[in-house]
Every structure is written in C-alpha cells, then in structure tokens.
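A short worksheet on the structure shown next.
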Amino acid sequence: GPDLRPSQSIAAADALFEEGLRLMRQGGHGVPIFYDPKIMKKALARFKKIIRDYPTSDKIALAAFYCGEIYKEYFNDDRRAVMYYQRAWQWDPDIPKPARFQAAVVLDFRLHERARALELYKQVIEKETFNQSNVHFAMARIKQLTGQPAGTP
C-alpha cells in the first residue's frame, strides 16, 4: 500500500537490489537490441521481492521505480507501470528518480488520461527539479494541455 516508508538499510534487500540492477543491464536495459524478456522477468522478480519481503528497506521506493520502468519499457503494461511509479514517490516523496515524470508521460501519451497527467506534470516542476530537461518538457506540456503558461521552476 501507499503507507510504506523506507526506514532502514537491510543487507539482504540491498543485495537483491544490486542483483536486480545487474539483471536489468544484462537483460538489455538501455540497449533494446539486446533485450531478453526472461532476464528482465528475473530482474522484476528481485525488485518485487524487496517490496514484499523487506517493506521497511531503504530500497523499496527505488525497487518500485525500476518495476515501473520494466513494465513500461519491456512488458507494455502501462497501468501497472503507473502504479509502481506512484508507489515509488509515495514511499519516498524525495526519490531521486523521475517517477512522477515517467507516470505523467505514460498517462498523457499512452493512456490519454490527460487530467491526471497534468497534475503530475505540475508535481514534476515542484518536486523533480534534479532533471531540468524533464521540468522544461513538463512546463511545455502543461502549456499545450491548458493553453496557460506553466510558470517557472
């Protein structure tokens, strides 16, 4: 649920997280021609195991983010991707990954749920300033969707 909070470093969860990242790279993350769905499913299983078995781990929000990435990029399960992105920022509002941005783009361009996307684009401008390219895209998209200026970050 949305109320989990990452609160402690757990060695077993950290090991699963590193293994999940390694499997993602091995499965072709970032290099689509090397994509291997079997390996990506293994990576997904590692991240889900962290969430299920170590709900207080300081890796749960990042694990949720990577679950969202896998569902979005490799399994075309957009609703599940958005749900995992949402869990990522719910569990860690200051997550250093573009969870809100990724969810907004999926909602906007794939699911055509523009009202929800618009709210998330606004949150990107406020909370995900670590990626200025995403902030500028969010501002431009808000303007396109509303016809109003989005303001400045």
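Working note: 222 nm ellipticity from helices only, DSSP H runs with n ≥ 4, each -39,500 (n - 2.57), summed and divided by the residues of the chain, gives -20500 deg cm²/dmol to the nearest 500. Give me the percent of the accessible area of region 32-153 that comes from carbon and sulfur atoms, probe 1.4 Å, all protein chains in place. Within region 32-153, the accessible surface is 51 percent carbon and sulfur.
Principal semi-axes of the equivalent ellipsoid, √(5λ) from the alpha carbon gyration tensor of region 36-153, are 27, 16, 10 Å from largest down. Summed over all non-identical Cα pairs, the Kirkwood treatment of region 97-137 gives a radius of 9.7 Å.
For the chain, calculate the relative contact order in percent as a whole number, restricting contacts to Cα pairs under 8 Å that are 6 or more residues apart. If you can, show how the numbers build up before the last one.
Numbers: 227 pairs, mean separation 26.0, N = 153.
Relative contact order of the chain: 17 percent.
Among the listed pairs K97/K127; K48/K72; K42/K97; K72/K97; K97/K143; K38/K97, a Cα-Cα separation exceeding 20 Å is found for K42/K97; K97/K143; K38/K97. Taking each residue as 0.36 nm, the span from L111 to L21 lengthens on full extension beyond its C-alpha to C-alpha distance by 29.7 nm. Between S7 and N131, the simple spin-label model (points 7 angstrom out along Cα→Cβ) gives 3.0 nm. Once the 1.4 Å probe is applied to the protein heavy atoms, region 1-104 comes out at 49 Å² accessible per residue.
The values are calculated or read from the model by the stated rules, or taken from the named source; none is laboratory data. It should be emphasised that the depicted structure is a prediction, and the values quoted were computed from it without experimental measurement. Using ideal geometry, Cβ is built from the backbone for each residue, glycine included, and neighbour counts are taken over all protein chains shown. These area figures cover heavy atoms from the full protein model, side chains too; ligands, DNA and RNA do not enter into them. Shrake-Rupley method; radii C 1.70, N 1.55, O 1.52, S 1.80 Å.
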